[in-house]
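Worksheet: one structure, shown below.
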Amino acid sequence: MTRFLILIILIVLIIGSILVAGPHLFTLDNNKHVVFSSSKIDGSKSQIYFAYFLPSVQKIQIFPLSSQLVEVIGGYGEYQLEAVYPLLKMEKKDHRFQSAAMSWAVGVVVDEVSDFSFQSNLETKKHLQRQLKNMVIKDLAHPQLLVESLKLLFFTRSIPMEQVKIETQPIALDQLKTSAASMIYEDCLVAVVNTTNKAGLAAEMSTILEKTGAVVVRIVDQSSPYQLSTFSYEADNLACQALVDRAQALFPTQIVKQDNYKLRQEYRADLVIFIGEDLAKKIN
């Protein structure tokens, strides 16, 4: 009983410390894209929202998405957009696969997919904060995800209500706007190299990356296949490191990271993304 009481006290102290120091410890320093989607296909209205968290301009923009058919990577074929997350949950896909599948489905990098926990629509900043609190609780067992969800929560709390814009009418995926580009990416020119036989994969990925603010200067197909997708960049280039942290959301499996100066010189870019067979096999 005494141990249990001590544990409760420790948990309360930890939560209290986070609430007090959170705004300083968990600062959102880069734009984030989050999809809120019901994990129940027969849930109320099967809600699905695309949210832009934009610290670069101190704004949050949220759009409900209309139902439409999308391709789901991994050989699943076409599904209605609102059915994608329930499918991935049913198949017990991990966080990495969920982000990659939703990114390719909507055509924009998705950093996080979160279970929409309301029976009504997402309409106000208060609703959003409740959603993010639920997100934090569900991420308690996953330290890396927990840090990111805390960043989103404290950022949202810091934004004035008038800077949180939540649309009421669903929009189609081709109406999703490019988020405000993060200035940090300007010092990381990108080359995307398709090493597989799947035509158009480099161009499709480049379009998605550009919607995230990346500057793609070269799109190439090459005949020498890579089995594993690879990022080549200088580890000390903070702009490229930040972009890599975002771009890896497009890959459902672990990517190889290397620092190859000759390759960067060959493609005249700061970051060279080699699309390997591991990704091509997942794309329908």
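The values are calculated or read from the model by the stated rules, or taken from the named source; none is laboratory data. All values reported here derive from a predicted model rather than from experimental measurement. Positions of Cβ are generated from backbone atoms using ideal geometry, with glycine treated the same way; all protein chains shown enter the neighbour counts.
One line per residue, one yes/no per condition, for (1) surrounded by fewer than 20 Cβ atoms within 10 Å (Cβ to Cβ); (2) β-branched (V, I, T); (3) outside the structural domain of Q254 (by TED's automatic domain parsing); (4) in a helix (DSSP H, G or I):
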| residue | (1), (2), (3), (4) |
| --- | --- |
| W104 | no, no, yes, yes |
| V110 | no, yes, yes, no |
| S120 | yes, no, yes, no |
| E123 | yes, no, yes, no |
| Q129 | yes, no, yes, yes |
| N134 | yes, no, yes, yes |
| I137 | yes, yes, yes, yes |
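Checked against the criterion of being more than 20 Å from N30 (Cα to Cα) and touching a residue at least 24 places away in the same chain (Cβ under 8 Å), the candidates Y233, Y226 yield just one match: Y226.
Comparison of S114, S158 shows that the only residue that is among the hydroxyl-bearing types (S, T, Y), surrounded by 13 or more Cβ atoms within 10 Å (Cβ to Cβ) and more than 24 Å from P86 (Cβ to Cβ) is S158. In this structure, A269 qualifies as at pLDDT 95 or above and either under 22 Å from V108 (Cα atoms) or assigned to a loop (DSSP other than H, G, I, E, B) (or both). Among the residues of region 212-223, those identified as in contact (Cβ under 8 Å) with a residue 40 or more places away in the chain and either farther than 12 Å from A247 by Cβ or among the aliphatic types (A, V, I, L, M) (or both) are V217, R218, V220. Residues in region 143-153 that are exposed (fewer than 13 other Cβ atoms within 10 Å of the Cβ) and either polar (S, T, N, Q) or outside any helix (DSSP H, G or I) (or both): Q144 alone. The strands (runs of 3 or more DSSP E) found wholly in region 11-69 and carrying at least 2 residues that are modelled with pLDDT of 85 or more and over 15 Å from the mean Cα position of the chain (by Cα) occupy 59-64. Between a residue in region 126-143 that is more than 19 Å from K32 (Cα to Cα) and any residue that is part of a helix (DSSP H, G or I), which pairs come within a Cβ distance under 8 Å, given they are 6 or more apart or on different chains? Filtered contacts from region 126-143: L140/L146.
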